[in-house]
Amino acid sequence: SFTIYDSDDQQRVMKLIYKELMIDDKFLPPREIKSKISDAKNKLLGPQDWFAQSERDYRSQLIYDVYNAYEEKLKSSNSLDFDDLIVKTLELFAQHPPVLEAYQRKIRYIHVDEYQDTNYAQYMLVRLLAAQSRNLCVVGDDDQSIYGWRGADLRNILEFERDFPDCRVIKLEQNYRSTETILEAANGVIRHNKGRKDKS
């Protein structure tokens, strides 16, 4: 059993950590730190892995210290944040393969909508769960990816056919909402996107 920290709980813990580490919240806004920690967890990076990839400057050191302290606070209070729900599930699967196999047998069909907006942790969870049954359906449009700032990784959809070579791709190219003039203009602009799947 564990408690899930919501935004208010996270804010409260951050204030406590800032006080303990004597960090000026003007120099390093707590909102920025929360975002960095969330981004790290979505990339499956713990504090040390994150720091190893950082610029290793004074600011990075402070972020590392806060991230480390934050993880300790979560652990000592038997709590998880929302990002941990996937991270800890992946850790469980890695450390206990029979648990993963049980879920692979139990979850036979997976459907993911807005696949272009999935992050790395979500991608890994889906990939592991679908590894045996191969019954995976994803819906998405690489030209509509808008959550890069929240950890969405466009490669998840662009490389889907590489990751699942036995997949079948169905392009939904019929539009019932817009006039031909609007569609032509939109396609003209979208065509300039880099690294995209060809479609109308």
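The values are calculated or read from the model by the stated rules, or taken from the named source; none is laboratory data. Just so it is clear, the structure is predicted and the values come from calculations on it, not from any experiment. Positions of Cβ are backbone-derived with ideal geometry, glycine not excepted, and every protein chain shown enters the neighbour counts. When the accessible area is computed, the model is the full protein with side chains, heavy atoms only, and any ligands, DNA or RNA have been set aside. Shrake-Rupley method; radii C 1.70, N 1.55, O 1.52, S 1.80 Å.
Just a few scattered comments:
- Residue tally, condition assigned to a helix (DSSP H, G or I) and either surrounded by 12 or more Cβ atoms within 10 Å (Cβ to Cβ) or modelled with pLDDT of 95 or more (or both), over the range 9-57: 32
- Of the residues Leu136, Leu183, Leu158, the single one that is touching a strand residue (DSSP E or B) at 6+ places or on another chain (Cβ under 7 Å) and farther than 30 Å from Ser1 by Cα is Leu136.
- Test for Arg168: is it open to solvent by less than 80 Å² (accessible area, probe 1.4 Å), assigned to a loop (DSSP other than H, G, I, E, B) and either basic (Lys, Arg) or out of contact with any His (no Cβ under 6 Å at 6 or more places or on another chain) (or both): no
- Cβ-Cβ distances below 8 Å connect the following pairs, each with a first residue in the range 139-151 that is more than 13 Å from Lys199 (Cβ to Cβ), a second residue that is of a type outside the set (A, V, I, L, M, F, W, C) and in a loop (DSSP other than H, G, I, E, B), and a separation of six or more residues or different chains: Val139/Asp113; Val139/Glu114; Arg150/Asn119; Gly151/Lys43; Gly151/Asn119.
- Filtering the range 51-69 to residues that are touching a residue at least 12 places away in the same chain (Cβ under 8 Å) and closer than 15 Å to Glu32 by Cα leaves Arg59, Leu62, Ile63, Tyr64, Asp65, Val66, Tyr67.
- Residue count, the range 120-130 (criterion: out of contact with any Asp or Glu (no Cβ under 6 Å at 6 or more places or on another chain) and either at pLDDT below 95 or within 19 Å of Arg196 (Cα to Cα) (or both)): 1
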